[in-house]
Each structure stands twice: as structure tokens, then as C-alpha cells.
Amino acid sequence: MATKTEGITVGMRELDRLKTVQAVVDGNLKPGLAARRLGITARQLRRVVRRYRAEGPAGMASRLRGQPSNHQLPPGLAERALGLIRDRYADFGPTLACEKLAECHGLVLAKETVRRLMSEAGYWVPRRQRPPKIYQPRRRRDCLGELVQIDGSDHPWFEDRAPACTALVYVDDATSRIMAIHFAHSESAFSYFIATRAYLERHGKPAALYSDKASVFRVNHPAARDGGGCTQFGRALYELNIEGICANSSQAKGRVERAHLTLQDRLVKELRLRGISTIQAGNAYLPEFCEDFNQRFAVLPRSNHDAHRPLLKTENLDLILSHQKTACLSKNLTAQFQKVIYQIQSDRPDYALRHAQVTICENAKGEVTILYKNKPLPYTTFKKLPHQAEVVETKLLNQAIQTPKPPAPDHPWRQYGQHLNGTPHGAD
């Protein structure tokens, strides 16, 4: 909205400025208060008042009125850029098109300028204006245990009574039954080993597990070679004859995703009512919660067949559900694993095990077993290598920060102050 003052068209903002300056001139408003109201400094207000006294209300009009913008594009530049985009970069995004215009054609434009030009010409549709993606609905599996969806949910399950932790949830695709829930500090391979072991011992082996593309389930780096392109959890599933499937989107495993939303409401409140505030107490209560949950929300499958299979006697879960690495023994019968050198102690002649391929297994408790032809070998810890910076995944970062590792027994820090009283720091 605009109004005219002495033949000059001014907007509402300029009119408000005119009234404020007039009040200062008439002595009805203090300059300091007027400057704060207009959002300018007192020095700038004095210049405005002088201009008003010299030119009257016309002096309140902007000096840039009728002048070309300092930010407008040179004539013909927009047309030239759009022509290049139409001929070569019609399917490019604004950021990439902006880079190519500068690199290949010398047209330096702002990224948002290219985005506006492409949007106006119809070459780019803003994300907010795009139609929602339609996902093809998938029919449930026919029987229990044919496909089990698994996922972890990091949430303050105990509210302010304990730090946030992760709930590993197993949901059957055919019935929407929660087959298992396990509280863990983080969504790690060892956490899934513990939860999967409890699942297998209670229900048996499902035909397939359906997960996301997290690094626990899938090697996402294209150049990765260690482990034959298979994660520790994937190797364990292969040895148990359980198919591992990774979903391409969150909507594909919607049953477990929707279960998270329900659990973040119901389970949190049930834990509060029972005063449960530790992971151990929560895991002890979870079977009771799952049974009540399934009675309320589970559906009947199309087939009464149970696809779960019993564990074989040859399937040792202690070794299968562990972190494994294949190593080659040296001439001295040593092998390195997790910055520790292990010395094999055997009654066999030394030459019999030289350069032998062994499998080093570490369980969740940190216990190490070295296998040769599926039989354990006795060993001693020979030497621990110096500590170096470790690679920590995003999902494990909070746990790594919250649970710092204590210094090693031979760390120089433990000797601090020994020269003062002759006693190592921390000694009795």
C-alpha cells in the first residue's frame, strides 16, 4: 500500500518514517527513542532530520527510487545462460549447472540466481513443489518367521532417569508381532549378536532378516576388500543359513518403523509406571511387554506354518556370533588382532603351524578364541601395540565419548608423581 505526499508517492514504511521524523522535529519524540524505533543510529537520524528540514517530506523518499538495481544481471546474460542450460544442462541441478557455467563458459553466476532462472524456465522444480513419491504397497508374507524386519531406535527410553540408549526391535512381517526387543548402549554388531542370540534361542532361525543399509548389515564402501565384502553380522547370518536382505528405503520396512513410533509412546510410559531406569531391568521386563503388545496388535497370518527352524548341534553360537578375522601365523607362531599380538602355545612342532591360516574370534565380553581347523589353540598374549586413533561409526560415537577407556597399566600417566614420593599414582 502506498500514499502520496506533495506529489511524491511513498510506501507505508516511508510514511511511518516521515511521521517519526516529524515528531522529532516538533519536539514530541526524543531522538534516541526515534532512532531505536526506526532501527538506525542516532548519527544517521540526525542526517535524516537535516534532510527533512531542507527538502521537506520529499526528502524521506528513497534516493534509489527509479534507479536500476545494483544486483541486476547485465543485459543478455540471463538469456545466454538459459540457452546453454537448455542445450547442455537441462537435466542438471542448479548447483552443478552453476559450476559448469563458470568452468566451461566463464559465466559466473550465483547458485540461487541459476536456481531461479531454471525454475522460471521449467528446468528445475523446487523440492517443496514436487509431488510426493508413491511407494508400491507390498503384501505381507504368508507365515510366521518367513521374513523378520529388524532395526534399531535411538531414543530416551528411560526419559530423564537414564541416558538415551538404543532398542533393537525384531518385527515379524506376516503378523506384525514383536518377536524380540533388546536394549543396548548403541546399534553395534555385538549388540545385534546378543539380541539375535536371544531371538534364536527362543524362536529358532527365521528364513530371512530384513534390515536397512547400515554398516552393521552391509559393506557400503565400493572399494572395501577386507572380509570379502561381507560384514561380521552378514557372515554370521550366512553361517546360520539365514538370508540377509537390505531395504532400499525406510518405507520398505515400514512395519518395524511404525513399531518404533508405537514403542516410543507405549513402552516409555510402561517403563515410567514401573520405575525401570536401567538397561538390565528394562531387558528383563521386555518379554512381558512384547507378550501384551502382541495380544493387542498382532494379526493372524494367512498360513499357520511356522517357518522358524531349530538350531543345529553343529552351530556354535559362541563362535558364530562373534567378531572373526582370518590371520596367517608367522614363523614364530604369532598373530595380530585388535592391536594385540598373540603367541600360539602348541605341543606340535613349530614348523607344523608356520604360515597356517587361523580364525580369531572375539565375543562381546572381549574373550578371544583362536581356531585352527575349527579347533581352539592355546595362546598367550605376547605384546600390545601402541594405541592409535580409532575409526568410530556415527551410531557408536556417543558411546565412545560417554565411556572413555582407562589408561593402560604401563601408561606413563600412572607413573606421574613417582619421583616425588616414590609411589606410583593410584597405588595403595
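Here, each number is a calculation from the coordinates, and none is a lab measurement. The structure displayed is predicted, hence computed values, not measured ones. Positions of Cβ are generated from backbone atoms using ideal geometry, with glycine treated the same way; all protein chains shown enter the neighbour counts.
A few comments on the model shown:
- Against the rule of thumb 2.2 N^0.38 Å, how large the Cα Rg of the range 148-297 comes out: 1.05
- Computed E for Leu96/Arg127 - FRET, C-beta separation, R0 22 angstrom, nearest 0.05: 0.90
- Nearest-0.05 FRET efficiency for Asn70 and Leu29, computed from C-beta distance (R0 56 Å): 0.95
- Counted residue by residue at 0.36 nm each, then reduced by the alpha carbon distance between them, the extension gain from Arg80 to Glu243 reaches 53.1 nm.
- Backbone amide hydrogens, once placed in the peptide plane, bring Ser186 within less than 5 Å of Thr166, excluding anything fewer than 5 places away on its chain.
- Share, in percent, of DSSP beta bridges within the range 148-297 that are antiparallel, nearest 5: 70
- Cα-based shape type of the range 10-129, given that a ≥ b ≥ c are square roots of the gyration tensor eigenvalues and the cut on a/c is 1.5: prolate
- Cα gyration tensor shape of the range 140-206, rounded if a/c is under 1.5, else prolate or oblate by comparing a/b with b/c: prolate
- Sequence-distant residues sharing a close amide H with Thr231 (under 5 Å, placed H): Val219
- For Arg309, distant residues with modelled amide H under 5 Å away: Lys205
- Working ranking of peptides 134-141, 67-74 by packing, defined as the average number of other Cβ atoms within 10 Å per residue, highest first, is 134-141, 67-74.
- Label point distance in nm, Ala164-Glu315, each placed 7 Å from Cα along Cα→Cβ: 3.5
- Out-of-range pairs (alpha-carbon distance over 32 Å; input Lys339/Lys373; Lys111/Lys253; Lys111/Lys133; Lys205/Lys375): Lys111/Lys253
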